[in-house]
1. Can you classify the stretch 114-158 as rounded, prolate or oblate using the Cα gyration tensor, where a ≥ b ≥ c are the square roots of its eigenvalues, rounded means a/c under 1.5, and otherwise it's prolate if a/b beats b/c and oblate if not?
2. How large is the charge dipole for the chain, taken about the Cα centre, if only the Cβ atoms of Lys, Arg (+1) and Asp, Glu (-1) carry charge, to the nearest 20 debye?
3. Charges at C-beta only: +1 for Lys and Arg, -1 for Asp and Glu. How large is the resulting dipole of the stretch 120-195 about its Cα centre, in Debye rounded to 20?
4. On the principal axes of its Cα set, how long, how wide and how thick is the stretch 285-353? Give whole Å, largest value first.
5. Please compute the alpha carbon radius of gyration of the stretch 329-475, then divide it by the globular-protein estimate 2.2 N^0.38 Å. Two decimals is fine.
6. Explain nothing, just compute: Karplus ³J(HN,Hα) = 6.51 cos²θ - 1.76 cosθ + 1.60, θ = phi - 60°, for every residue of the stretch 304-317 in order, whole Hz, x for Gly and Pro.
7. How about residue 163: which aspartates and glutamates have a C-alpha closer than 13 Å to its C-alpha, ignoring those fewer than 8 places off in the same chain?
8. When the C-alpha atoms of the stretch 454-560 are aligned to their principal axes, what extent does each axis show, in angstrom, from largest down?
Amino acid sequence: MDKKTKIKFNVLAIFVIIIFCFALTPRTLQNDTYYTIAIGEHIIENGIDMKDPFSWHENLPYTYPHWAYDVGTYLIYQVGENIGLGGFNAIYIATVILSITLGLVIYYALNKICKNQLISFFITLGMMYLLKNFIAARAQLVTYILFVLTILFIERFIETKKKRYLVGLVIIPIIIANIHSAVWPFYFVLYLPYIVEYLIAWLTESDFYYKFLISKNKRKLKKLTLKNKPKEEIDLLTTKIENLQKYMEKADLKRTENRKNPYKVILRKESCVKYLILIMIICIFTGLLTPLGDTPYTYLIKTTEGNTMDNISEHLPLTLINDLYTLTFIVLFLLILIFTDIKIKLRDLFMLAGLTLLAFMSRRQVSMFVLIGGFIFSKLLVALIDKYDKGGTEQAIKAITSIWGKIITILLGILLSFTLYKGKMNTPIVSQSTYPVEACNYILDNVDIENMRIFNEYNYGSYMLYRGIPVFIDSRADLYTPEFNGTKNEKGEYEGRDIFSDYINTTNISTYYENIFDKYDITHLLIRKNSKLNMLITKNSENYKELYSDNNFVFYEREA
C-alpha cells in the first residue's frame, strides 16, 4: 500500500476515533471526582500532611494515593472557575481530552504492534466502547494511557532493540506512583508474561539434565583412566557420553523444527528480555520517588487485607451472565484459539490467562482485560486475516479512502457517535437525584456544621465534603478501615477504627442502628428516602426530627 493511502486512512480513522471518544465520555461526574477536587485544594493550601481533613472523625491518617492527579484536577477546576467556564465544565472537557488521548494512543499502539491499520481502527473503537463504563474524571483514566504505553514500549523494544523505549519504561512507574499509587504494583504484572516466557525458553534450551549427566560421566571416565581400569569399562562409558551428546543434538534440532512450525503455542527466547528484567528491578525503586513514603508498596496489600473489596460493587467478582460484552469478548478469543490453526505466543497466552483471572476476581479488572487483551486479540485477528485473505485488508482500505468511502465512513462515524451522545445531551454534570445538592444547601444555611456529627451514606459522602460538610464516610473507603487507620498487634491483625464495617452493618440493618449512632454520638442523619434505614426511622421517629426532605433525600436531627 502506498504512503499516501496510509496517511489518508490515518486521518480518517483519527477523526472518527476523536468524535467517538467524545461521544462516549459521560457528562455527569462520578462520586470520586468531588473528593478529588477538595483534596487537590487542600494539598495546594496545606501540603501533603498525611491526615484526613474532611471527616469529622478525629485523627484519621490519609495516604493521598493519587495526590498528583488530585492537584491537577483542582487546578483545572480552578481555571474553569476563573475564566467563567465553570469548574465542573472544565473537568468535563479535560475528561473528554483524556478519553480522546486514550483512544488515539490505543490506535497508535495497535498500528505499531499489529501492523494493520484497518484492524487497529476497528479494534480501537471496540475497546473504547467496552471501556465506556470506566471512562470518568478519575485517576484510572490516566493510568489506562500509561499502561497502553507500557505494552507499546515493551513490544517495540523486543522488536527493534532500541534503548529509548527503556527510558520510557522507567518514567512510567514514577508517574503512576504519584498519579495512582494503588495500581502501581500492576505495572510489574505487565512484565511477568515476557519474563516467564524467556525463562521457560532458556530452561528448555539449556538441557541442564543432560549436561549434568555428561559432566558426571566425564568425571567418572577421568577417574577410570587414572586408575587404569579395563579398556572395556572405559569404552562403555565413552560410548554412553557420545550417545548423550548425540541425543542433545537431536533434541536441539527437534526444538528448532518445532519453533518453525509449532502446534499452537509459539515459544521464543528473546535475548533482549534480559534488559527488561533489569529495567523491572530498577523500577521497583521508583515507588520511593513520591512524597507518600511507602504507600505505593503497601496500599494494595492493605486494601486486599480489608473488607472493602467484599462490599463495594466494582470490586465484587464478575458474573458473566450480567456482562454480555465481556462474555462475547471471551467467546471470540476461544473461537479463534480452538477452531482455527492460528498460533499464540506463550507470553500472550500467559497474559490472557492472568487478565481473565483478574477479571473474574473483580469487576473493576474487566477494564484491564479489555485494555491489554485487546492487543492480544488484534494480533490473533491479524494473523487470521493474513493467512486466509492477505490482500483483503488493503482493498478495504483503498475502498474506504475513496471519495464515497470517506463520505460513508464519516457519516457512519457521526451517526454512531450521535447515537451514543444523544442520551447525554440533557444530563446534568451534577445529578440532583444522585447527590444531595439542595439538602447540602439547607445544611450549610441552617446547621452549625462545626458541631454536627452527621451520619451519611457512602455514595454521596464525597459530594458533601466537596461542599465543605464534614462526613461520616465517603468513597475513600480504605480511609475508614483499621488496615489504614490502625496498627498491627502481636498476632499480625490490624487494630483500629472500623468505621467502614459499622457503616455497612448499619445500612444493611444487620446491626441495630441506635447502637452505632450512640457509639459515634451522631447528631444528624442525611439518608436516601428509599433506604432500609429510613424505613425503620420513619416507623420509630420519636427521636428524630425531620428538618429537610425532597424526592430523594431526607435530613434528620437526632435528639439526645
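1. On the way: a/c = 4.15, a/b = 1.24, b/c = 3.35.
Verdict is oblate for the stretch 114-158.
2. Numbers: 62 positive and 53 negative charges, 972 e Å.
That gives the chain a dipole magnitude of about 4660 debye.
3. Details: 7 positive and 2 negative charges, 38 e Å.
Roughly 180 debye for the stretch 120-195.
4. Principal extents (Cα only, largest first): 51, 32, 16 Å.
5. Working: Rg = 25.3 Å, N = 147, 2.2 N^0.38 = 14.7 Å.
So the Cα radius of gyration is 1.73 times the expected 2.2 N^0.38 Å.
6. 5, 6, x, 10, 5, 5, 8, 10, 9, 3, 5, 9, 6, x
7. Filter leaves 155.
8. Principal extents (largest minus smallest coordinate, Cα): 47, 29, 23 Å.
The values are calculated or read from the model by the stated rules, or taken from the named source; none is laboratory data. Remember, predicted model here, so these are calculated numbers, not experimental data. All Cβ positions, glycine included, derive from the backbone under ideal geometry; neighbour counts span all protein chains shown. For the accessible areas, the whole protein counts, side chains as well, though only heavy atoms, and no ligand, DNA or RNA atoms are used. Shrake-Rupley method; radii C 1.70, N 1.55, O 1.52, S 1.80 Å.
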